[in-house]
Amino acid sequence: MNDSRPWFIVGICSLLFLLSMFYRVSNAIISPELIEEFQLSADQLGLLTAAFFYAFALFQIPIGLLLDRIGARITMTAFSTIGGIGAMVFATSTGTNGLISGRTLLGIGMACNLMGSLKLFTQWFRPNEFATLSGFILAVGTLGNMMATSPLVLMMNAIGWRASFLAIGTITVMLAGCFFMIARDKPDEPPSISCLDKTKEVGAVSLGSIKTVFFDLNYWAISGATFLRYGTFAAVQALWAGPFLIKILHISPLATGNLLLILNIGFVAGSPIGGFLSDRKIRSRKKTVLIGLGLLAMALFALPLCRGANLVWPGLIFFTMGFGSSFGQIMYAHIKELMPSHMAGTAMTGVNFFTMMGAGIFIHGFGKILESELLVSLPLATGYRIAFFMCSIGVVIALALYAATKDAIVEK
């Protein structure tokens, strides 16, 4: 296409997804401040962080129907605005309930940014560009994870965590407005098309569409695999890596932020590479995902073996973890190509429900494991290591599930 609009859409979508990735993992860095100010237990901290993911997951199916019915432009604008308001609620909270409310609104608000972007890509680009573009947006979005590491520490030191979230929430609302001005759902769509017109044009998404997805065994295998894959990865990235590195390995907060930065560098590097391999070289969605799952399983198995404050071994582990996990974005291309094209939004958000629910359950469950009767009598370091080993086993199960899926071969 000669029109530059597709690339403006990719750019603004990437920025919105960057904010989503920032919000979902930011608690890993600000958790010491939250624990001190609000006297949070491990279970409460896990629930607070997981609230984002629970809300995010529960809104996936409604969002899928909205994307297929009224399009990404209106849906993403409305939800992103809610997310910005959620950041402000979180920043001004005076108690645990306020924090949870803010995180819940953030989860709802950010729930559409990736799926809406992928829905737009199905309309504006060719099928053999989809995995590469989804890899690109994952790579740019992961800069948000990087913002939630050392840069967030520096910002907090300068203006505090509350002012930081107020500022970023304001930016979120402004960016949502810019997206509405720039984006169109289709290349030939007039800028003044109304929500009612769009509903008539696209038609209602029936219950039969949901049944088509839910009665497909490939959907359940992919969903189960992404539940375990992202759940274990998010438990490490979004929260529990921070306390493990600081409390157990006695690594400084700034060095911990740097290690999490390395994890995200691995994710940024792996996202376009995975998309390129899937689209251009291996030309197999299934085989590419299996490679990533294997790398993630090895990294998670090696993490609890770390001892002392040496940063070389954890750095290698975190890079491999991010690199391997990034291949998971190809799961969306996989399910999209196994389903009818008019159901792309429903199919991808159906998988994303399990992706984000896995994150919520594993993050919250990790805290419950640490405080369980079985482990509470053991040293805290032992509890962390057992929990991380359980995560590695979960990814091995994900690998077995994915091996049972039907492949999607990319044509030249």
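Taking the fewest neighbouring Cβ atoms within 10 Å as the starting point, the ordered list for Lys211, Lys336, Lys247, Lys286 is Lys211, Lys247, Lys286, Lys336. Pairs from the table (Lys211/Lys287; Lys247/Lys336; Lys281/Lys368) lying more than 31 angstrom apart at Cα are Lys247/Lys336; Lys281/Lys368. Between helix 312-326 and the chain there is an angle of about 20 degrees, using the helix long axis and the longest principal axis of the Cα atoms.
Note on Phe8/Leu254: beta-carbon distance plugged into 1/(1 + (r/R0)^6) with R0 of 41 Å gives a FRET efficiency of 0.65.
Region 157-178 and region 259-274 have Cα centres spaced 25 Å apart.
Among the listed options (i) 71, 55, 41; (ii) 61, 45, 38; (iii) 83, 60, 34, the one matching Cα extents along the principal axes in Å as calculated from these coordinates is (ii). FRET efficiency for the Glu129 to Ser372 pair, using the beta carbon distance and R₀ = 41 Å, is estimated at 0.30.
Shape call for region 215-310 from the C-alpha gyration tensor, a ≥ b ≥ c root eigenvalues: rounded (a/c under 1.5), prolate (a/b greater than b/c) or oblate? Taking the square roots of the gyration eigenvalues as a ≥ b ≥ c, region 215-310 is prolate. For the chain, the dipole from Cβ point charges (+1 on Lys and Arg, -1 on Asp and Glu) about the Cα centre works out to 680 debye, to the nearest 20.
Each part reduced to its alpha carbon centroid, region 363-405 and region 302-346 end up 17 Å apart. Taking the chain as a Gaussian network of alpha-carbon nodes connected by springs under 10 Å, the highest mean-square fluctuation of the residues Ile171, Ile63, Ile265 belongs to Ile171.
Values quoted throughout were computed directly from the atomic coordinates according to the rules given, and no laboratory measurement underlies them. Given the structure is predicted, the values throughout are model-derived calculations rather than measurements. Because the Cβ atoms are built from the backbone with ideal geometry, glycine has one as well, and the counts that use them run over all protein chains shown.
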